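Down below is the structure, laid out as structure tokens.
The values are calculated or read from the model by the stated rules, or taken from the named source; none is laboratory data. Everything numeric in this text was worked out from a predicted model, so none of it was measured. A quick note on method: Cβ atoms are made from the backbone with ideal geometry, for glycine too, and the neighbour counts reach across all protein chains shown. Accessible surface is based on the protein model in full, side chains and every heavy atom, while ligands, DNA and RNA are left aside. Shrake-Rupley method; radii C 1.70, N 1.55, O 1.52, S 1.80 Å.
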Amino acid sequence: MIYAIVFLPLVGFLIAGAFGRWIGVRASEFVTTGFLMICAVLSWIVFFDVALGHDHGYAPIIGNWMTVGALKVDWALRVDTLTAVMLVVVNTVSSLVHLYSIGYMHEDPHRPRFFAYLSLFTFAMLMLVTADNLVQMFFGWEGVGLASYLLIGFWYQKPSANAAAIKAFVVNRVGDFGFALGIFLVFQLTTSLRFEEVFAAVPGLAGKPIHVFGMDVDALTIAAFLLFIGAMGKSAQFFLHTWLPDAMEGPTPVSALIHAATMVTAGVFMVARLSPIFEYAPAALAFVTIIGAVTAFFAATVGLVQNDIKRVIAYSTCSQLGYMFVAEGVGAYSLGIFHLFTHAFFKALLFLGAGSVIHAMHHEQDMRNMGGLRKDIPFTFAMMTIGTLALTGFPYTAGYFSKDAIIEAAFAAGEHHTTAMIGFVSTVVAAGLTSYYSWRLVFMTFFGQRHGHGVADSHSDDVPATADVHAHGHDDHGHDDHGHHAPHESPLSMLIPLAVLAVGALGAGYVFEPDFAGHAYNEFWKGAIFTGEHNEILHEMHAIPAWAGYAPTAMMVLGFLISLYVYVLKPGTAQALARTFPRLYQFLLNKWYFDELYDFLFVRPAFALGRLFWKGGDGAIIDGLGPDGVAARVADGARLAVRLETGYLYHYAFAMLIGVAAVATYFIAGGLR
């Protein structure tokens, strides 16, 4: 069963990618989507067998990958509760994204390539979550990076899409370099990369130093720190977050897949999988907490003023990932995975709902050109409202159980560690900001008066530069799709995934809270997540003061009321505030100027250095003195020789006379000496 789950997406990728031209668009869509549907069903079966059943997991070995000296790497598929959770998340969301894409991408002529990329992305993520060793995890890690590059830059005719794809690839390489160094260090310390052997060796390494850069530092701390650098890149944490909003240049289904179920959750999964290492590195855990807290607050502030509907949700993802890392930083790894699990449903729902809005508005993404859509697309409005309720932590929705639990755990840990209290304060404030910008999106999109006409333009972030979007000239309903009619609901292939995800967004938290962090914790996890003997965070969080438990709900209500006042009860307040605080508004609108700062510190110097090596080093020195220089001197000599051979006899006689005179002079001068 596990072989089918992992390799069916690869088979779908090969069929659609290699034979898409011959089997046609429909066959490519049905093959890839059908395989993912099968994977999703099988993943739930594995989840019930392993996580909710009595199966403690298994790790079948496919074969030996490599053996180099003491390094032996087998290709094995590790299946335990943590893997089962990730299989459900990845394959459920991916299968729904495939189905949704049939309707959303119906006008694009390159659909076989798109569906092939989606399946490749899913296969890479499955390789990552089923890894039994760090090498196999790194293989899936890099595969996800490659697939994200292909999907973000799918509309390669758009320069902005190409730039976004390159940016995602390069920024992730920064984090991946740290991840690779961490893997090297783990092997040096344990002489193994297989999880079971590494975890068995970790307790004996606790407190042992390693000599680095002339200093003695704790070996496990530096290893955990380097591994987390990889997570910072992949999960778009503060400093390495800049690629995530630009990833919106890809089609909307790609945004849902990247932000909800696959790429950005890889870092959270990795920290949970390597919890035995992090548990013995408290300084690294403190760093994880601080980065998560800062990311949660930073991304929430930027989301307040964004006008692109997809970018608002993108910064929401960045902020929610910060919550997950705060949970893991205070030792509540299961809560981080719990929020990953619930977040996948409501975030995929929000992204796909945004895609339905974009589809209805004929590829318009600016919320300032929307308004009053709840009457035109009532089903999409209902689904987006459900997703917003879950995201903001409305009582008894999925986000309420997982996000509020993280905040409570941070407060409980904060009684012993200052960094955890920073995490508590940051996440509580971010809860209010999240509620504000989430309801702002709903109010600007679905309430008030229509501000635009829904006509696609060349500035849209979700339409290819070539007019391929309107290549057929008609939408799913047979109407002319050039913005001359009112917005309408999306086809069933796009609405069914919304309904399924809405069920998860409403009920996933209530149903699974006892398993992830409640009384059934031990029976559910079965040791898949390691916590030290002194880690009692899941018990301590139930003893916090009542006000701390109610704080996130109070902030959620406050954010909703402010947003309601600003955008519904008294329209124009937001514009007045922007005029009153122009510097703050520009600071947030320009995302704290991180892109400009990185452009000044890294991009421009890199380009200048590249031009120096190209023009000066390669062009002037290597080519100038090397092959090109030698060839030029030979050509000069040839031109001189051509000038000497004129064809006139008296020229040759004169040259002979000069030669004889030169020889005679040489011998006479030599004889005089």
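Within segment 414-431, if we keep just the residues that are open to solvent by 10 Å² or more (accessible area, probe 1.4 Å) and of a type in the set (Gly, Ala, Ser), the residue that is farthest from the chain's Cα centre (by Cα) turns out to be GLY414.
Kindly provide the set of residues from segment 515-553 that are surrounded by 14 or more Cβ atoms within 10 Å (Cβ to Cβ) and over 23 Å from ARG273 (Cβ atoms), ordered by number. Scanning segment 515-553 gives GLU540, ILE544, ALA548, GLY549, ALA551, PRO552, THR553. Pairs please, first residue from segment 290-309 and closer than 22 Å to PRO582 by Cα and polar (S, T, N, Q), second anywhere and in a helix (DSSP H, G or I) and open to solvent by less than 10 Å² (accessible area, probe 1.4 Å), Cβ atoms under 8 Å, 6+ apart in sequence or on different chains. Partner pairs satisfying both residue conditions: GLN306/VAL312; GLN306/TYR315; GLN306/TYR437; ASN307/MET367.
In segment 349-368, is there at least one residue being in contact (Cβ under 8 Å) with a residue 24 or more places away in the chain, farther than 20 Å from GLN306 by Cα, touching a helix residue (DSSP H, G or I) at 6+ places or on another chain (Cβ under 8 Å) and among the hydroxyl-bearing types (Ser, Thr, Tyr)? Among the residues of segment 349-368, not one is in contact (Cβ under 8 Å) with a residue 24 or more places away in the chain, farther than 20 Å from GLN306 by Cα, touching a helix residue (DSSP H, G or I) at 6+ places or on another chain (Cβ under 8 Å) and among the hydroxyl-bearing types (Ser, Thr, Tyr), which makes the answer no. Looking only at residues in segment 328-381 that are within 23 Å of GLN449 (Cβ to Cβ) and among the basic types (Lys, Arg), the one that is surrounded by the most Cβ atoms within 10 Å (Cβ to Cβ) is ARG374.
The condition of being among the charged types (D, E, K, R) and open to solvent by 60 Å² or more (accessible area, probe 1.4 Å) holds for only one of ASP618, ASP599, ASP595, ASP623, that being ASP618. Considering segment 1-23, the residues that are open to solvent by less than 10 Å² (accessible area, probe 1.4 Å) and within 23 Å of the chain's Cα centre (by Cα) include one that is farthest from MET127 (Cα to Cα), namely GLY12. Checking each residue in segment 24-43 for being touching a helix residue (DSSP H, G or I) at 6+ places or on another chain (Cβ under 7 Å), open to solvent by less than 70 Å² (accessible area, probe 1.4 Å) and over 14 Å from VAL97 (Cβ atoms) picks out VAL25, SER28, VAL31, LEU42, SER43.
When ASP595 is tested against (1) within 30 Å of VAL174 (Cα to Cα); (2) part of a loop (DSSP other than H, G, I, E, B), only condition (2) is not met. Note on segment 279-395: enclosed helices (runs of 4 or more DSSP H) holding 1 or more residues that are among the basic types (Lys, Arg) are 309-329, 333-360. Filtering segment 213-238 to residues that are modelled with pLDDT of 90 or more and charged (D, E, K, R) leaves only LYS234. When segment 582-592 is limited to residues that are in a helix (DSSP H, G or I) and surrounded by 12 or more Cβ atoms within 10 Å (Cβ to Cβ), the one that is modelled with the lowest pLDDT turns out to be LYS591. Residues that are over 13 Å from VAL135 (Cα atoms) and in contact (Cβ under 8 Å) with a residue 12 or more places away in the chain were ranked within segment 62-77; the one that is least open to solvent (accessible area, probe 1.4 Å) is GLY63.
Can you find a residue that is in contact (Cβ under 8 Å) with a residue 12 or more places away in the chain and more than 25 Å from SER435 (Cβ to Cβ) anywhere in segment 589-607? Explain how you work it out, then say what you get.
So in segment 589-607, the residues in contact (Cβ under 8 Å) with a residue 12 or more places away in the chain come out as 589, 591-592, 594-595, 598.
Filter again for more than 25 Å from SER435 (Cβ to Cβ), leaving 595, 598.
Yes: segment 589-607 contains one or more residues that are in contact (Cβ under 8 Å) with a residue 12 or more places away in the chain and more than 25 Å from SER435 (Cβ to Cβ).
Remark: pairs (first residue in segment 43-61, among the acidic types (Asp, Glu) and in a loop (DSSP other than H, G, I, E, B); second residue at pLDDT 85 or above and open to solvent by 20 Å² or more (accessible area, probe 1.4 Å); Cβ separation under 6 Å; 6+ apart in sequence or on different chains) = ASP55/ASP49. Restricting HIS259, HIS241 to those that are at pLDDT below 85, at negative phi and open to solvent by less than 10 Å² (accessible area, probe 1.4 Å) reduces the list to HIS259.
Among the residues of segment 179-221, those identified as more than 26 Å from PRO60 (Cβ to Cβ), surrounded by fewer than 20 Cβ atoms within 10 Å (Cβ to Cβ) and touching a residue at least 40 places away in the same chain (Cβ under 8 Å) are ALA180, LEU181, PRO203, LEU205, ALA206.
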